[in-house]
Structure formats: structure tokens, C-alpha cells
Ligand code: HEC
């Protein structure tokens, strides 16, 4: 079953439902107000209403745009073009939000690691730190629990996380779910339907969160090293499973999405609620349950270590040597280990300890990956081969998509601008063709045009003989 025709209508419906929910919650905020509402609370309400109004306008616009898209794009011949632009814009937003989230989170990790915790501290302080940045001096204090009086304006960091996750899921939908047949299914891995592939993808993300969350509710949570081992094992199991069912690329991106969801889920379900409780307790002058802060701290520590692998995995999605390898799940595991080691080194470094052995470990791991993913030396066939012999292969197997006028049912414009209509175009791309069609066999996509090993060998030989 192909979901793509239903995707936009479902998205419009989802936005409408979200708008109704938002509207009713704004109404409840208003109704709670009474004559005794004080100035501070009034400001709070006004703030909520103002934010709600912005959210309503934004979702109205989005729903309108999507509605127009559903109505006018199908059959207009512009599907591919519009999808490319959606991809570009959402990706742009996703990267910017991700930078804001991870940037702030790195800054606070650095603060936590580098605080002065001993010299000249008032009793109520856990630590302080002086810094110079952008032409000014900054002085930060961290409280042991909470200040005696809460400040009027308290900054929260949460929307970056939520919106990074939302744009990530949107991007996943635009790139993968709306083109599941060509981007998620690889018949040489397993010939499943597009609908099945999407279900596996979404199932991975949802179940992954629950598996992680349940694990966090066991005593294992407090045994940091054991937790790391078990968590890593689960990621490897998921990778093995996904690489048995989906294209390598889709498998990689879903492990990235799973880890990203764990991070955003930690913020949404644990860290922010426990901070709300902290603020509420401080306002009412009652003691806080120290357990809450500790739990949030551990989730935050997990996020700290997951960040670098997620970014590595997301970027590796552009490098077929990683996901195109036959043991791609092991490559993924290697990338994860190497990047966690780098994070560990940075954490200890910021605390003023040197964990120098982490650097060689990461370097060796990455070097091993480079070696393992190197193209295999094939038996050299030196029989001369001419362009006339390989040209029909490109015509039969590639120009369906890679042409100024693609005839493929999905790719309506040449993917990546790569076209093989003329000899010059083919020669210019020869090194990339060698990588994608011969060494990693990640082209034709999902081997849709059923290229044979013999044809791959011919292309490889022609390129190795100078692509003349
Ligand atoms: C079913 C459509 C389809 C067919 C057929 C196809 N490709 Fe592609 N190709 C794509 C898509 C989509 C991309 C962009 C995504 C990516 O890079 O994986 C792409 C990207 C590429 C790139 C540029 C990316 C890079 O790594 O430099 C090269 C080179 C390439 N294809 C070579 C080939 C060759 C050679 C063939 C024929 C043997 C072929 N493709 C057949 C869909 C196709």
C-alpha cells in the first residue's frame, strides 16, 4: 500500500485537530481567571494568550498552504520541484533549531563541568563562573537548590528541542515516507511494500522511546556503565533489525531519529516537568523532592552522550560508503562508539581531567571504519572496453532518473542535478559513478532498474581505464 496520496490530507487534519486543542486550552486559561487574579498571574495569562495567538496564526497558515498543495499540486508536474523546496526549507529550519538546542545544551554542559565549586562561594551557591565573550564579561551563579525569591523573568530552554524534533519528523516524512517506495525499500535487502516500510520506520521510533523509558524506570538507571552497555546493545539490535528490512540509508536515518526522539522525549516528559515542579515548589516555599532533580539529571546526562552519535549518524546519511556496506549495522555501531568516546573525552576535559586514552580509542575506531568500508579490490579484468559498450547500460539503468527528462514515476527532476544524457556528463561524474554504481552498489536507487553485476563490472572497468 502506498501512503503518499493520504499524507497531506492526514497532515492537514492533524493540524486542524492540534488547532482545536490549542484553542480549548487557551479558553481554559481564560476561564481560570477570577477577580482575585494578581498582577503577576495576569501577565502570565497575557503571555500564554499571546503565544497561543502566534501558534494559531502559524498553524492556520500551514494548514492553508498544505490544503492548497493537496488541491493543486498532484498532476501538475511540479510534485518533484515542490518536494525539493519543502525538503530544503524544512532541512534549513531543522538544522538551525538543532544548532540552537545542541548549542545551548553544550553551553550548559560546559557550565556544569567547569563551575568553580570551591572558592569564595556564598552558602546558597553550588558554583560560579566568569567568562568573556563577544566583547563583554559574564558572571554566572548556580544555586544549590533554588534562590530564596524566584526572579520575575526566568528563561526556559525547551522549544528548541521540541521544534528540532518536529522539523525532524517533517523532514523524515518529506524525504522518506512520501517516497517510501524509492527511498526506504531496497528489494535486494527485502522486497516489502512501501506501507510496510513506513510502518517499520514509525514503529521503530515509537517503540524505541518506550523501550528506553522502561529501561530508565529500572534500577539499571543508576548503574551508569551498565546502562550504557545495555543501551548500546539495544541500539545495535535495532540496527540489525532495520538493516534486514529497509534500505541502508533508511535504516541509518531511523536509528538517528530514534535517538533524537529519546533526547526530545527526555526533555518533554522528564526534564521540563521536573523543572516545573522545582519552580512550583520554590514559589510555594515547600521543599522539593531531590529525587526528581536527580532523575532529570540522569536523563540529561544520557542526552549529553547521545548528541554526538546522532549528529554523526545524520551526516553519514550522505555517505554511501557507510550505509551501503554489507555490514552497515556494524559500521553504525562503530560510528556510535567513536562519537561517544569523543563526548566522554570532552566531558572530562571540561572538568579539568585528562582522559587522553579516549582520543586514540576514537581515532582507532574511525580508522578501522575507514579500512573496513574501503572498496574491495576486485579481480582485475584488463580487457579494453569502449564507451559504446557502456553507453547502453547508462541508457537502460540510469537515465530513467538521471536525465533532463526523467521518465521515472517518482523522480520528476534529475536527482541531485546529476544527468547522464551525454558522454561529457557521464565522464564528469565518473568518480562518483564508480563509488555509487560499482563500489557501494547504492545506485540505481533500490536497484529499481535491475542492473546486473556484469554491467556494474563493465562500468567499473571503463572508468578504471580512464573513462574515455
Ligand atoms: C530510480 C531512480 C534512480 C536511478 C535509476 C538511478 N539513480 Fe542515481 N540517484 C537517484 C537519487 C534519488 C539520487 C540522490 C540521492 C542519493 O544520492 O542517494 C541519486 C544520486 C546519484 C548520484 C549523485 C550522488 C553522489 O553520491 O555523488 C550519482 C553519481 C548517481 N546517482 C549515479 C547513478 C548511476 C550511475 C545510475 C545507473 C547505474 C543511477 N544513479 C541510477 C536516483 C536514481
Does residue 315 satisfy the criteria of being out of contact with any strand residue (DSSP E or B) (no Cβ under 7 Å at 6 or more places or on another chain), surrounded by fewer than 18 Cβ atoms within 10 Å (Cβ to Cβ) and within 23 Å of residue 94 (Cβ to Cβ)?
yes
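Condition check ((1) in contact (Cβ under 8 Å) with a residue 60 or more places away in the chain; (2) farther than 20 Å from residue 176 by Cα; (3) away from the ligand (no atom under 16 Å from the Cβ)) across all residues:
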residue: 308; (1), (2), (3): no, yes, yes
residue: 311; (1), (2), (3): yes, no, yes
residue: 315; (1), (2), (3): no, no, no
residue: 318; (1), (2), (3): no, no, no
residue: 321; (1), (2), (3): yes, no, no
residue: 326; (1), (2), (3): no, yes, yes
residue: 330; (1), (2), (3): no, yes, yes
residue: 334; (1), (2), (3): no, yes, yes
residue: 347; (1), (2), (3): yes, yes, yes
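Quick grid of which residues meet (1) under 30 Å from residue 91 (Cβ atoms); (2) without any contact (Cβ under 8 Å) to a residue 12 or more places away in the chain:
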residue: 204; (1), (2): yes, no
residue: 213; (1), (2): yes, no
residue: 225; (1), (2): no, yes
residue: 233; (1), (2): no, yes
residue: 251; (1), (2): yes, no
residue: 265; (1), (2): yes, no
residue: 282; (1), (2): no, no
residue: 287; (1), (2): no, yes
residue: 303; (1), (2): yes, no
Quick check on my filter: what residues within the stretch 411-437 are modelled with pLDDT under 90 and within 7 Å of the ligand (Cβ to nearest atom)?
411, 415, 416, 435
By my count, helices (runs of 4 or more DSSP H) wholly in the stretch 73-184 with at least 2 residues that are exposed (fewer than 14 other Cβ atoms within 10 Å of the Cβ) are 79-114
Subset of the stretch 441-453 [in contact (Cβ under 8 Å) with a residue 12 or more places away in the chain, more than 9 Å from the ligand (Cβ to nearest atom) and either over 27 Å from residue 79 (Cα atoms) or in a helix (DSSP H, G or I) (or both)]
441
Has the stretch 378-400 got at least one residue that is crowded, with 16+ Cβ neighbours inside 10 Å and under 26 Å from the mean Cα position of the chain (by Cα)?
no
On the basis of being part of a helix (DSSP H, G or I), under 27 Å from the mean Cα position of the chain (by Cα) and more than 17 Å from residue 178 (Cβ to Cβ), does residue 49 make the cut?
no
For the stretch 278-297, which residues satisfy the criterion of being in contact with a helix residue (DSSP H, G or I) (Cβ under 6 Å, 6 or more places away or on another chain) and modelled with pLDDT of 85 or more?
292, 296
I'd like to know if the stretch 374-393 contains one or more residues that are without any contact (Cβ under 8 Å) to a residue 60 or more places away in the chain and in contact with a helix residue (DSSP H, G or I) (Cβ under 6 Å, 6 or more places away or on another chain).
no
Scan the stretch 401-410 for residues that are more than 9 Å from the ligand (Cβ to nearest atom) and crowded, with 19+ Cβ neighbours inside 10 Å and jot them down.
403
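The values are calculated or read from the model by the stated rules, or taken from the named source; none is laboratory data. Small disclaimer: the values here were computed from a predicted structure and weren't measured. Cβ sites come from the backbone with ideal geometry, for glycine too, and all protein chains shown count toward neighbours.
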